[in-house]
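S.K.: There's a structure below that I have some questions on.
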Amino acid sequence: MKKELNWAVIGCGVIAGQMAEGLNEMGKSLFAVANRTHEKAVHFADKYGIKKVYDSIDDIFDDPAVDIIYITTPHNTHYRFMKKALESGKHILVEKAITLNSRELQEMISLSDEKGLLIGEAMTIWHMPLYKRLWDLVASGRLGRVQMITMNFGSFKEYDMSNRFFNMDLAGGALLDIGVYALSVVVSFMDELPDEVVSQWKPSPTGSDEMATILLKNRSGQMAAVALSMHSKQPKRAMISCEKAYIEIMEYPRAAKAVITDSLTGDRTVIEEGSTKKALIYEMQDMEEAILTGNTSVLRLKETAEVMSIMTRLRKDWGMKYPGEEW
């Protein structure tokens, strides 16, 4: 098995830059870059010391030296890039939300299985050390069973309807952009997938989901409430209420700190694990571990699929379908 894996990236945005910096911190370097606009790719390569720039995005798939492709482009492009990458024998790490819907994701999982390749979602919740420690703590039973989870995430985005946050052609909306974080936390702390899901939503002027409130419950009685907005600020706050204590996590997408409050005594325990600045490093380390050791559990693809099933169900309930999307 090859020990030194070559990473390439599609896209030259903020996440791609953080990825390049993360690889440098890991003692590696980004092997190659591709972008829709070649000039931007050249500038990106100069900035981060990347030697190879492809003339077109399709060239990235044909390069036998590339082992893993990190797809950082808008949601609506993921499916076709994922398919090309897998058909070309590349492992893929894909920005959240990994696809538009469950049909696309299940098709890609089947293709990756057929090709013997790995798919990882660049979902920080799966990879931050803090969550790995909290999951172990909850599983130990010391806090009692998880009873209820409450999640908030609200951003104030100006009403620029061409912006990707509202643009339906770019799969804009709160659910795929920020709701995916909240639902990933919910799924990761519940004992089983919610089977009851009810919601309210408000469309933006483009028809994207501007705001939503979501209630979830599974067969064992665990419940969750999620509040999302793209046009009003909320704290990124998570609370996991257990029988004996509750866990509070602020700035939860890349959290490195949690506070646990004892339900009986009110005593507070602070848990700190990992570093917010290393979020992308943790993602890439888990991806490499899965490829090199075969420990695919670190990618949590099952949970990714569960979150996608909830989001697909919600948008079907709302009748919110993106242009050209096939459910």
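S.K.: Residues that are in contact with a Ser or Thr (Cβ under 6 Å, 6 or more places away or on another chain) and of a type in the set (A, V, I, L, M), at least 1 per element: which helices (runs of 4 or more DSSP H) completely within the stretch 103-217 meet that?
M.R.: 124-127
S.K.: Follow-up question, since we're still on this one. Does the stretch 219-269 hold any residues that are among the polar types (S, T, N, Q) and in a strand (DSSP E or B), and which are they?
M.R.: S229, S232, Q234, S241, T261, T269
S.K.: In addition: Go through S309, S297 for me and flag whichever is modelled with pLDDT of 95 or more, farther than 24 Å from S199 by Cβ and of a type in the set (S, T, Y).
M.R.: Residue meeting the stated conditions: S297.
S.K.: Inside the stretch 215-241, can you point out the residues that are of a type in the set (A, V, I, L, M, F, W, C) and either touching a helix residue (DSSP H, G or I) at 6+ places or on another chain (Cβ under 7 Å) or not assigned by TED's automatic domain parsing to the domain that holds F166 (or both)? Can you show your working first?
M.R.: Pass one, the stretch 215-241, residues of a type in the set (A, V, I, L, M, F, W, C): 215-216, 223-228, 230, 238-240.
Selection gives L216, A224, V226, L228, M230, A238, I240.
S.K.: Yes or no: the stretch 203-216 includes at least one residue that is over 16 Å from M320 (Cα atoms) and of a type outside the set (S, T, N, Q).
M.R.: yes
S.K.: Now for a different question. So, K40, is that one surrounded by fewer than 22 Cβ atoms within 10 Å (Cβ to Cβ), over 17 Å from the mean Cα position of the chain (by Cα) and either within 30 Å of E325 (Cα to Cα) or of a type in the set (D, E) (or both) or not?
M.R.: yes
S.K.: Inside the stretch 259-298, can you point out the residues that are aliphatic (A, V, I, L, M), in contact (Cβ under 8 Å) with a residue 60 or more places away in the chain, surrounded by fewer than 15 Cβ atoms within 10 Å (Cβ to Cβ) and within 30 Å of G144 (Cβ to Cβ)?
M.R.: Result: no residue meets the conditions.
The values are calculated or read from the model by the stated rules, or taken from the named source; none is laboratory data. Since we're looking at a predicted model, the values are computed, not measured. Neighbour counts are summed over all protein chains in view; Cβ atoms, including those assigned to glycine, are modelled from backbone coordinates with ideal geometry.
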